[in-house]
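Data first, discussion second: the structure below is written as structure tokens.
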Amino acid sequence: MTFDDYQLDDDVFDEMFLSDGTPRDHSRALHELLCQLSPQELATIQERVTRSFSNEGITFTVYGDDEAEERIIPIDSVPRILSNAEWQTIEAGLTQRIKALNHFLEDVYGESRSKELYGEPAIVHDGVIPVDMVRGCPQYRVAMQGFSAPYGTWVAICGTDIVRTQDGFAVLEDNLRVPSGVSYMLANREAVKKSFRRLYRMSRVREIEDYGQVLQTTLRELAPHSQTDPTIVLLTPGVYNSAFYEHIFLAREIGAELVEGRDLLVNNGYVYMRTTAGLRRVDVVYRRVDDDFIDPLAFRPDSLLGVPGLLHAYKLGNVSLVNAPGTGVADDKSTYAYVPDMIRYYLHEEPILANVETYLCRRPEDLEYTLDNLQDLVVKRVGESGGYGMIIGPHATPEEREEYAQQVRADPAGFIAQPVLALSRAPCFIDGRFESRHVDLRPFVLHGRETRIVPGAFCRVALRRGSLVVNSSQGGGGKDIWVVEA
Amino acid sequence: MLSRSAQSLYWMGRYLERAQHQSRLLQLQTAALVDRPVQEIYFGWSRIYISSDRLPPGGFLELTDSDEFTLADSFTLADDLTFERSNPGSIWNCFAMARENARQTRNCISLEMWSHLNLVYLRLQGRDIQDIWSTSPETFYAGLTSDVDTFMGVAGATMYRDEGWHFLQLGRAVEKGQLLLAYLLAQLAAEARHDESTEEDWVSLLRTYHAVEVYDRNYSLDVQPNHVLDLLVSDPLLPYSLCQTLDTIGEQLDAIGRGPHAAISGSMRRLAGRLASVIHYEWPDVTDREDVLRKLAGFSRDLHDLITQTYFDYEVEIAVAT
């Protein structure tokens, strides 16, 4: 196969090629192999990868009007390759970022000298972040006020979305609540490496298969009372959750019971699960249920997914909750804009990974800029995720932009704007030929008493030609990422 | 093990057993369409519907002499029992429910078990009655029964012998017992409804449980209803007999151990013992066999309830921390 018709543009970074069309050093071996394959051979590989997903039931659920449908995430079999040096930058940047975010959460919720003296977090008192960004944030949880997370770890598991432009890597979003996608990272690797056996071996790809073990170590580190053999459970909202496959997968990987709220109960301040031999004490809950639904006594009283009294048991120190409730205040789309300042404030370091330039419509000057330049910006609702509630200015009609502008004017604090990024592109095998598609990556950061990151990520691909939306609920697909030693 | 996981495995066993039983019945019934008399075919359909406690689409079956009508009816009935989504006992639903339970407990079963069951389910998605009827329906049904056998073989080879395994086997055995009892009672009820039954109706009953040759060997070539019942109920060596099934239930309960509440657990064990003792000690002497079968059917439903109360849905007293 050839790359003769492959699209390269000067203003878009291509993951495989330099701007003159020669392959980058670390992609040369892959490029050579792809050129030797026939379209039929690559189609067979693609089909095998897809079939392995369907046979093993690696699915996510999409909810339509009438019924839920199990779908597989379309996987492109051509891996995206990162050099080890590129990875080290990402790793250092993410490590720095999660430390700062945990400091921020401890500052926001925990007891401190600043709170005692001034009644507000130090970072607010020192004028780095306005107070309404914290207390006014819809994700701020009053119930967590005055609580200090064990070992200062509020966020133990984080999935950070990173994009690359001609200017380098930048963080698009921190997912600090219940990030998902890690099972696809592992399943993609499993399927893709079998299809490129020789290349995989020769490329000295860094392993990610020990993710389960690293996750287990992280969860064990957070067990209460320094227990050496804690009972860990993974709390799922249940089979109807779109990420249910991932919950099963992870429970298996870490050897934990996969529980639903109805399997747990709190008795005398301790958490127990209902087993066939009676109640058994639980030490660590890796919860994949959102804050609002985790405990009907503390948050939404109508929740059927949660465990009454769970938060109380957590605050007594009798069980660990991973991630802690209330972490959403740090990954809100508005708070995001302040993460570089948090890094400077708490760690006295310059951020290694840049942020995407962000206009907070709550600031009058930013609002004005946003409304004047809507045709060039991406505007997002702060409370939404998954590619919902956003508008990509250049792709919208004047009527759509006007309608959206009215919503922004009505509630400026509910919106942020960012420039339309020229996300990097990577070759994908589509309709029998190579086409370039926009990609991002979501590495997974684990932070117990120390930070660990397996060298890999879930690479999301905007499979529709020209599309910039990589979310799986919006027609996005996935790719394997290889971090190569060479 | 987590109660809900145990319950899912138990139900997975039940649904797979149900799917296999239904497939076996339809395999024999569709094979009969080739050359058996119309009366026998209607008797067969009647027996299946009575045993599953369901009314055929269009109401009670009426015997017709026309081969044309018999085949058309059979097409509709087979569709209802195989693919009908609104029939909770259809083969399609049994496999879907077994798979759903497997999906919820994938961390308790082997990857091989899940992959096999998922493949069976995915294959079934692409089929409909038209398509199986135009070729060989009995081959299709035979394929499904052997799919369940293969699944159990894969489970036997790959599943860790922990409590989950025992709940899976327990579910299968409880379902097997209930299905056999329902089918024997349906045979007697169909006989009453049709005013008679032929020797061939009883032979087909034996065939359902792979027992024709054993019967010939143990009794004679002359098929007597009482002997058929003896074989299917009390033979200790026949894999599908009630006696074997109850022995399996006893073994699985022993392996699982007591639940948290001694009193309920005790009732459950006593009931399982009582069922077995009826077969071992009372059965040979009873005169009204239908009545005993009905009593056993009631006991086996109670046993299911007690298993649920012992291991899955027990009561807990909660204290609030201060």
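The values are calculated or read from the model by the stated rules, or taken from the named source; none is laboratory data. Bear in mind the structure is a predicted one, so any value in this text is a computation, not a measurement. As a convention, Cβ positions derive from the backbone with ideal geometry for all residues, glycine included, and neighbour counts pool all protein chains shown. Protein only, heavy atoms only, side chains kept; ligands, DNA and RNA dropped before computing areas. Shrake-Rupley method; radii C 1.70, N 1.55, O 1.52, S 1.80 Å.
Between A:Tyr388 and B:Asp149, what is the FRET efficiency for a Förster distance of 41 Å, r being their Cβ-Cβ separation, to the nearest 0.05? Can you show the working numbers first?
Working: r = 47 Å, r/R0 = 1.15.
According to the calculation, E is roughly 0.30.
What do you get for Rg/Rh of region B:218-260 when both radii come from the Cα atoms and Rh is the Kirkwood radius? Intermediate results must be reported in sequence, preceding the final value.
Numbers: Rg = 14.6 Å, Rh = 11.9 Å.
With Rg and the Kirkwood Rh in hand, the quotient comes to 1.22.
Ranked from highest to lowest mean number of other Cβ atoms within 10 Å per residue, what is the order of the peptides B:61-72, A:251-262?
Working: B:61-72: 12.3, A:251-262: 20.6.
Ranked from most to least packed, the peptides come out as A:251-262, B:61-72.
Over region A:357-420, what is the relative contact order in whole percent, taking alpha-carbon pairs under 8 Å and six or more residues apart?
Working: 92 pairs, mean separation 31.7, N = 64.
The value is 49 percent.
Determine the total buried accessible area between chain A and chain B, counting protein heavy atoms only with a 1.4 Å probe; round to the nearest 100 Å². Let's see the in-between values first.
Details: alone 20930 and 15310 Å², together 33520 Å².
Heavy-atom accessible area buried at this interface is about 2700 Å².
Divide by every residue of chain B the summed helix terms, -39500 (n - 2.57) for each DSSP H run of at least 4, and state the resulting mean residue ellipticity at 222 nm, rounded to the nearest 500 deg cm²/dmol. List each step's numbers first, then the result.
Numbers: 14 runs with 227 residues, N = 322.
Rounded to the nearest 500, it is -23500 deg cm²/dmol.
Give the separation of the Cα centroids, region A:394-438 to region A:20-57, in Å.
28
Rg over Rh of region A:357-420, using C-alpha atoms and the Kirkwood radius, what does it come to?
Numbers: Rg = 10.2 Å, Rh = 11.2 Å.
Rg/Rh for region A:357-420 comes to 0.91.
Where the accessible area of region B:168-322 is counted over protein heavy atoms with a 1.4 Å probe, how much of it, in %, is carbon and sulfur? It would help to have the intermediate numbers written out before the result.
Numbers: 3520 of 7370 Å².
Taking all protein chains in place, region B:168-322 shows 48 percent carbon and sulfur surface.
Using only atoms on other chains, find how many Cβ atoms lie within 10 Å of each Cβ of peptide A:248-256 and report the average. Can you show the working numbers first?
Values: counts 7, 2, 1, 3, 4, 1, 1, 1, 1.
The shielding value for this peptide is 2.
Using a cut-off of 12 Å between beta-carbons, work out the net charge of the residues near B:Leu231 (Lys and Arg +1, Asp and Glu -1, B:Leu231 not included). Don't skip to the end; give the middle numbers.
Values: positive: B:Arg217; negative: B:Glu213, B:Asp216, B:Asp230, B:Asp235.
Here the count lands on -3.
Return the Rg/Rh ratio of region B:28-117 with Cα-based radii and a Kirkwood Rh.
1.13
Taking the alpha-carbon distance from A:Lys315 and a cut-off under 30 Å, which lysines remain once sequence neighbours fewer than 8 residues away in the same chain are dropped?
A:Lys99, A:Lys115, A:Lys333
What ranking, highest mean first, results for peptides A:39-48, B:178-187 when packing means the other Cβ atoms within 10 Å averaged over each residue?
Packing proxy ranking, top to bottom: B:178-187, A:39-48.
Thinking of region A:327-486 as a set of Cα atoms, what percent of all their pairs are more than 20 Å apart?
Values: 7653 of 12720 pairs.
In whole percent, the share of Cα-Cα pairs in region A:327-486 beyond 20 Å is 60.
Could you tell me the center-to-center distance, by alpha carbons, between region A:235-271 and region B:59-81 in angstrom?
Cα centroid to Cα centroid, the span is 48 Å.
Using all Cα-Cα distances in region A:1-50, what percent lands in each 5 angstrom bin from 0 up to the longest?
Binned Cα distances yield the sequence 4, 19, 23, 22, 18, 11, 3.
Output needed for region A:67-151: three equivalent-ellipsoid semi-axes, defined as square roots of 5 times the C-alpha gyration tensor eigenvalues, in descending order, whole Å. Present the calculation step by step, with values, prior to reporting the outcome.
Details: eigenvalues 273, 90, 28 Å².
They are 37, 21, 12 Å, listed from largest to smallest.
So, in Å, what gap is there between the alpha-carbon centers of region A:128-147 and region A:312-363?
11
For A:279-286, what's the mean count of beta carbons from other chains sitting within 10 Å of each residue's beta carbon? Could the numbers behind the result be given before it?
Numbers: counts 5, 2, 0, 0, 0, 0, 0, 0.
Per residue, the number of nearby Cβ atoms from other chains is 1 on average.
Kindly write out, for region A:20-28 in residue order, the coupling ³J(HN,Hα) from the Karplus curve 6.51 cos²θ - 1.76 cosθ + 1.60 (θ = phi - 60°), rounded to whole Hz, with x marking Gly and Pro.
7, x, 8, x, 5, 3, 6, 9, 4
Using only the Cα atoms of region A:210-312, what are the Rg and Dmax in Å?
When restricted to Cα atoms, region A:210-312 yields Rg and Dmax of 13.3, 39 Å.
Would any residue of region B:248-266 have its amide N under 16 Å from a label point 7 Å out along Cα→Cβ of B:Ser277? List them or say none.
B:250, B:266
How big is chain A on each of its three principal axes, counting only the C-alpha atoms and giving the largest first in Å?
Principal extents (largest minus smallest coordinate, Cα): 67, 60, 49 Å.
Taking H placed 1.01 Å from N in the peptide plane, check which residues at least 5 places from A:Arg437 or on another chain put their amide H under 5 Å from its amide H.
A:Ala426, A:Cys428
Per-residue counts of other Cβ atoms within 10 Å, averaged by peptide: what ranking do you get for A:137-149, B:98-110, highest first? Show your work: numbers first, answer last.
Values: A:137-149: 17.1, B:98-110: 22.8.
So the peptides A:137-149, B:98-110, ranked by packing, come out B:98-110, A:137-149.
Hey, in the GNM for chain B with a 10 angstrom Cα cutoff, which one of B:Trp165, B:Trp92, B:Trp133 fluctuates hardest?
B:Trp133
Nearest-5 percent of antiparallel DSSP beta bridges in the protein assembly as shown? Show your work: numbers first, answer last.
On the way: 53 of 72 bridges.
Antiparallel: roughly 75 percent of the beta bridges in the protein assembly as shown.
Taking only C-alpha pairs under 8 Å that are 6+ residues apart, what is the relative contact order of region B:3-312 in percent? Could you put the intermediate results ahead of the total?
Values: 350 pairs, mean separation 77.5, N = 310.
Rounded, it is 25 percent for region B:3-312.
Enumerate the calculated ³J(HN,Hα) couplings along region B:181-187 in order (Karplus 6.51 cos²θ - 1.76 cosθ + 1.60, θ = phi - 60°), each rounded to whole Hz, writing x wherever the residue is Gly or Pro.
4, 5, 6, 5, 5, 5, 4
How far apart, in nm, are the 7 Å Cα→Cβ label points at A:Asp411 and A:Arg51?
4.9
Over chain A, what is the relative contact order in percent, taking alpha-carbon pairs closer than 8 angstrom and at least six residues apart?
Working: 940 pairs, mean separation 113.9, N = 486.
Answer for chain A is 23 percent.
What does the convex hull of the Cα atoms come to per residue for chain B, in Å³?
154
Please calculate how many Å² of accessible area region B:125-204 carries per residue, with a 1.4 Å probe and no DNA, RNA or ligand atoms counted.
Result: 41 Å² of accessible area for each residue.
Quantify how strongly other chains surround peptide A:308-314 by giving the mean number of their Cβ atoms within 10 Å of each of its Cβ atoms.
Numbers: counts 2, 3, 0, 0, 2, 1, 0.
Average neighbour count from other chains, rounded to a whole number: 1.
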